[in-house]
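Worksheet for the structure shown next.
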Amino acid sequence: MQDLDIVILAAGKGTRMRSQLPKVLHTLAGKPMVQHVLDTAGGLNPSRTHVVIGHGADHLREALAEHNVSFALQEEQKGTGHAVAQAQPQLGSGIVLVLYGDVPLIRRDTLASLLAQVDEQHMGLLTVTLDDPSGYGRIVRDSDGHAVAIVEQKDANDEQLKITECNTGIMAMTSAQLKRWLPQLSAENAQGEYYLTDVIAMAASEGVKVATAQPHNATEVEGVNNRSQMARLERAYQQQMAETLMAQGVALADPARIDVRGKLTCGHDVFIDVGCVFEGDVELGEGVRVGPYCIIKNSTIGAESEIHSHSVIDTTVAAGLNQIGPYARLRPGTRLAVKAKVGNFVETKNADVGEGSKINHLSYVGDARLGRDVNVGAGTITCNYDGVNKHLTEIGDNAFIGSNTALVAPVTVGKGATVGAGSTIAKDVAEHALAVTRSRQLEKPDWPRPVKKAK
């Protein structure tokens, strides 16, 4: 396989985004735009990947610190040709592919077809045909149909402005070609910048043919310059995800109202209602039903489970046949065994809930281990934090916890035990015992109720 260098241009400020954050770090589908480009580029198995940085360079270095990339600094933004020149000293001797950090939806197969055409007698250029080419550089072809130049709109004459085939900016060439052509670039144009696109004319003058390819659709090569374009690409991405899910058999109440910000894997006969958001790595088993406006992050939901509306589930494993919500919040470390139920306005964290156990409503269960068939009454709280350390609450099989109970950890409630409603349990409860800590009820017959004093 030939040596491949990928150069990603990410030095621009993105003034029209009206943000202090570098443009390419704005997120689409939950991850930075430049991350989308890096992920796609990685699928081409490059020998080296270079990111040209400028505005917000330190932010980009930090954001991409875990990636195997080299950085090239473009201190002054003098055009795309100048940007690529900053990475030139780091390039190998094979093929160079130039991408853009603000063009997040480019597809790997599109790039692969472009690269397949590049050799010493050919360079590759990705073009797109648009109904409205305003603002784009136009592809100029000779009488034989060969691409011979790209003319930027500000430099184009009336005839050239009628051309609808446009430059995407994405191109590939051999490293030797690039090293010959970059020093010849000139800033004598309307923008006073070094256009990388000028290498097309240089290739034509040398007899190097310009092989062109086009994307599957125009959205694939659309760049982001403002918030409106960002929102449009977000919806385009989500529509694509929705189509993929439905092709796999997932039923979506409304394909226009789902957001996948990571990876969503679904079994057969999954139903997802409107307004749901999936973040990170989420797996839904066969027959899972997700109610409206739920957020699920980095979690696995087992087969035939039902998640009712407005529930938030984070880093949770549900074994299957579970009932969750509505308005439940399952925080990291929650594990539900088969048929366990977490009901409305219940919050759990780092909790093992045993098979068939129920926490039906209005309770907080954190740092807890519940056995099988436990019933936790409304308003129950595990007091797991002493201000410094977290402590464990253990509840045995078939235990019954009455409503409005406070379990002061560390504490154990034995198998089959019953805790009376309104109790504060600070000591272990033996198996099959009854524990009640509320005070004796006081009653005064014929007690006169207070009345307001006259003014």
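Any read-out appearing in this document is the output of simple, stated calculations on the displayed coordinates, not a laboratory observation. Predicted, not measured: the structure shown is a model, and the values here were computed from it. Quick reminder, even Gly has a Cβ in these numbers, built from the backbone with ideal geometry, and neighbours come from all protein chains shown.
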**OP:** At 0.36 nm per residue, minus the direct Cα-Cα distance, what do Asp446 and Met246 gain on full extension? Give it in nm, one decimal, please.
**Re:** 65.1 nm
Subject >> Percent of beta bridges antiparallel (DSSP, the chain, rounded to nearest 5) >> reply: 15 percent
Original post:
If you bin every alpha carbon distance in the range 143-263 into 5 Å steps from zero, what whole percent lands in each bin?
Top reply: 2, 8, 14, 15, 15, 12, 9, 9, 8, 5, 2, 0
Original post:
How high is the FRET efficiency from Gln2 to Ala231, r the C-beta distance, R0 30 Å, rounded to 0.05?
Top reply: 0.15
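Rounded to a whole number, what is D in µm²/s for the range 131-170 from Stokes-Einstein with the Kirkwood radius over alpha-carbon pairs (10 °C, 1.306 mPa s)? Working shown, then result.
Working: Rh = 10.2 Å.
This corresponds to a translational diffusion coefficient of 156 µm²/s.
Based on the Cα gyration tensor of the range 346-455, what are the three equivalent ellipsoid semi-axes, each the root of five times an eigenvalue, rounded to whole Å and given largest first?
Working: eigenvalues 203, 56, 36 Å².
They are 32, 17, 13 Å, listed from largest to smallest.
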**OP:** Rounded to the nearest Å, what's the spacing between the alpha carbon centres of the range 162-180 and the range 317-358? Just the number, please.
**Re:** 55 Å
Original post:
Could you give the nm distance between label points at Thr424 and Gln121, where each point is 7 Å from its Cα heading toward the beta carbon?
Top reply: 8.9 nm
Original post:
What nm distance separates the two modelled labels at Gln239 and Gln160, each placed 7 Å from Cα along Cα→Cβ?
Top reply: 3.3 nm
Original post:
What list do you get for Phe400, Phe278 if you sort them by fewest beta carbons within 10 Å?
Top reply: Phe400, Phe278
Subject >> Translational D in µm²/s for the range 4-221 (Stokes-Einstein at 20 °C, 1.002 mPa s, Kirkwood Rh from C-alpha pairs) >> reply: 122 µm²/s
Subject >> Net charge of neighbours whose Cβ lies under 12 Å from the Cβ of Ser305, counting Lys and Arg as +1 and Asp and Glu as -1 >> reply: -1
Original post:
How about the range 119-185: which trypsin sites (Lys or Arg not before Pro) there are in a DSSP loop, with at most 16 other Cβ atoms within 10 Å of their Cβ?
Top reply: Lys162
Original post:
So what's the projected area for the range 227-435, the Cα convex hull averaged over all directions, in nm²?
Top reply: 11.7 nm²
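Report the full-extension gain for the segment Asp142 to Val408: residue separation times 0.36 nm, less the Cα-Cα distance, to one decimal in nm.
Result for the pair: 87.5 nm of gain on full extension.
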**OP:** Give me the Kirkwood hydrodynamic radius of the range 10-77, using the inverse of the mean 1/r over all pairs of distinct Cα atoms, in Å to one decimal.
**Re:** 12.4 Å
Original post:
What's the local net charge at Glu188, with K and R +1, D and E -1, over the other residues with C-beta under 12 Å away?
Top reply: -3
**OP:** Positive end of the charge dipole of the chain (Lys, Arg +1 and Asp, Glu -1 on Cβ, about the Cα centre): tell me which of Val365, Pro32, Leu130 has its Cα farthest that way.
**Re:** Val365
**OP:** Starting from the Cα of His268, step 7 Å toward the Cβ, then list every residue of the range 287-301 with an amide N under 17 Å from that point.
**Re:** 287-289
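Quick check on my link table: of Lys13/Lys154; Lys358/Lys444; Lys415/Lys444; Lys341/Lys415, which ones sit more than 28 Å apart, alpha carbon to alpha carbon? All intermediate terms of the calculation are to be shown ahead of the outcome.
On the way: Lys13/Lys154 21 Å; Lys358/Lys444 38 Å; Lys415/Lys444 39 Å; Lys341/Lys415 19 Å.
As for pairs spanning more than 28 Å Cα to Cα, those are Lys358/Lys444; Lys415/Lys444.
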Original post:
At a Förster radius of 25 Å, what calculated FRET efficiency corresponds to the Cβ-Cβ distance of Leu44 and Asp281, to the nearest 0.05?
Top reply: 0.60
Original post:
Can you give the three extents of the C-alpha atoms in the range 281-353 along their principal axes, from longest to shortest, in whole Å?
Top reply: 25, 23, 23
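Can you tell me the FRET efficiency between Val317 and Tyr385 if r is taken as the Cβ-Cβ distance and R0 is 35 Å, rounded to the nearest 0.05? Please report the intermediate quantities before stating the final value.
On the way: r = 23 Å, r/R0 = 0.67.
According to the calculation, E is roughly 0.90.
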**OP:** Return Leu38, Leu21 ranked ascending by Cβ neighbour count within 10 Å, so the fewest neighbours appear first.
**Re:** Leu21, Leu38
Original post:
When we measure straight from the Cα of Lys349, which aspartates and glutamates land under 13 angstrom away, once same-chain ones fewer than 8 places off are left out?
Top reply: Asp314, Asp367
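Which order results if Leu60, Leu73, Leu362 are arranged by neighbouring Cβ count within 10 Å, fewest first? All intermediate terms of the calculation are to be shown ahead of the outcome.
Numbers: Leu60 24, Leu73 12, Leu362 17.
If I rank by nearby Cβ atoms, fewest first, I get Leu73, Leu362, Leu60.
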Subject >> Computed over the chain, Cα set: Rg, Dmax in Å >> reply: 31.0, 110
**OP:** Quick one: check the C-alpha center-to-center distance for the range 239-273 versus the range 405-447, whole angstrom.
**Re:** 47 Å
**OP:** Report, largest value first, the span of the C-alpha coordinates of the range 115-205 along each principal axis, in whole Å.
**Re:** 34, 29, 22
Original post:
Straight-line reach from Lys31: which aspartates and glutamates have a Cα under 15 Å away, not including same-chain ones fewer than 8 places off?
Top reply: Asp39, Glu62, Glu66, Asp102, Glu234, Asp259, Glu279, Asp281
Original post:
Magnitude of the Cβ-charge dipole of the range 4-221, K/R +1 and D/E -1, about the Cα centre, nearest 20 debye?
Top reply: 480 debye
